[in-house]
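The next block holds one structure in the form of structure tokens; read it before the comments.
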């Protein structure tokens with residue numbers, strides 16, 4: 001069987017190094033290369049960067065060359081960079097797996113345009129458990145109906161730069177889909193001061209930051225006399241690398257389109 005050549009943009013970061021190690025340890029996958037913008041990392045062996053032993057592949061600075069040399073690219077970088085990588089993937093007809101969060105509406109449209117020319121798997125969270133949770137949240141929201149208020153609580157480490165987290169927003173979209181509404185029409189991202197009574201039908205978000213928390217998410221369905229809480233707690237970032245590599249293997253050779261982890265896991 002031909003191995004899937006997987007490249008990693010941002011290969012010198014914490015997630016990039018985990019991805020390199022996961023690809024190297026996965027049957028059917030091979031590290032095709034990686035890119036970095038930090039001059040001190042250029043030319044370094046990717047396996048040594050990842051702490052998994054030499055791979056004979058070094059960090060470079062040219063994303064276009066990496067895309068050309070790969071079957072699939074994995075991107076956990078930053079929104080502007082992710083859009084550029086999506087455009088490169090589209091130009092070369094190569095698959096892209098996106099784990100980047102904090103992507104705005106204009107960047108979303110650019111990614112959707114790129115997906116017309118290349119297969120792109122995009123998920124706010126690559127964890128199997130989180131994606132199963134999203135499916136449950138959608139079902140519960142549909143079955144309980146508007147008598148139950150929905151609140152989403154998330155906590156991450158002190159260095160996280162976007163809020164609410166991409167996963168929290170993904171859970172919100174799942175809940176809104178269960179009620180047949182766009183999340184943007186009913187979300188409440190913050191509360192401060194004299195806010196008045198809670199508006200019926202809205203979905204609220206609460207954000208906590210501190211320490212080294214990898215990622216905790218809870219969706220609360222609060223009714224009169226009872227409350228249902230669905231929770232996922234991540235204790236190791238490797239779950240995201242593992243899911244991203246699984247998505248990359250699935251994406252190789254797919255038709256152009258915008259896919260999610262539900263497609264990768266056969267949940268729809």
>> Rounding to the nearest 10 and keeping the result within 0 to 90°, find how far the Cα-based axis of helix 14-24 lies from the longest principal axis of the chain.
In response: 60 degrees
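From the C-alpha coordinates alone, can you work out the Kirkwood hydrodynamic radius of the chain, in Å?
Over the chain, the inverse of the mean reciprocal pair distance is 19.3 Å.
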>> Can you compute the modelled spin-label distance between residue 254 and residue 142, with each label point 7 Å from Cα toward Cβ, in nm?
In response: 2.1 nm
> For residue 37 and residue 268 in the same chain, what is the full-extension length gain: residue separation times 0.36 nm, less their Cα-Cα distance, in nm?
Replying inline: 79.4 nm
> Can you work out the base-10 log of I(q)/I(0) for region 119-170 at q = 0.13, 0.16, 0.19 1/Å, using the Debye formula on its C-alpha atoms alone?
Replying inline: -0.41, -0.60, -0.80
>> With 10 angstrom as the radius, rank 30, 264 by how many other C-beta atoms surround their C-beta, starting from the fewest.
In response: 30, 264
>> Just to confirm my numbers, what's the Cα centroid distance between region 68-102 and region 137-180 in Å?
In response: 26 Å
>> Take residue 44 and residue 64, extend 7 Å from each Cα along the Cα→Cβ direction, and tell me the distance between the two endpoints in nm.
In response: 2.6 nm
>> Taking 22 Å as R0, compute the FRET efficiency from the Cβ-Cβ separation of residue 81 and residue 158 and round it to 0.05.
In response: 0.45
>> Using only the alpha-carbon atoms, how far is helix 79-92 inclined from the longest principal axis of the chain? Give it as 0 to 90 degrees, nearest 10.
In response: 50 degrees
>> Based only on other Cβ atoms within 10 Å, what is the fewest-to-most ordering of 240, 259, 148?
In response: 148, 259, 240
> For labels at residue 194 and residue 3 in the simple 7 Å Cα→Cβ model, what's the distance in nm?
Replying inline: 6.7 nm
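Suppose we keep just the DSSP beta bridges with both residues in the chain; what percent of those would be antiparallel, to 5? Working shown, then result.
On the way: 16 of 47 bridges.
For the chain, the DSSP antiparallel bridge percentage is about 35.
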>> Taking 2.2 N^0.38 Å as the expected size of a compact globular protein, what ratio does the Cα radius of gyration of region 128-234 give against it, to two decimals?
In response: 1.03
> Which value in Å does the Kirkwood hydrodynamic radius of region 195-268 take, with 1/r averaged over all unlike C-alpha pairs and then inverted?
Replying inline: 16.2 Å
> So how tilted is helix 166-178 from the main axis of the chain? Cα-based, degrees 0 to 90, rounded to 10.
Replying inline: 50 degrees
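Where a number appears in this text, it was derived from the coordinates with a stated rule and is not lab data. Predicted model, so just to flag it, every value in this text is computed and none were measured. Cβ coordinates were reconstructed from backbone atoms using ideal geometry, including for glycine residues, and neighbour counts include every protein chain displayed.
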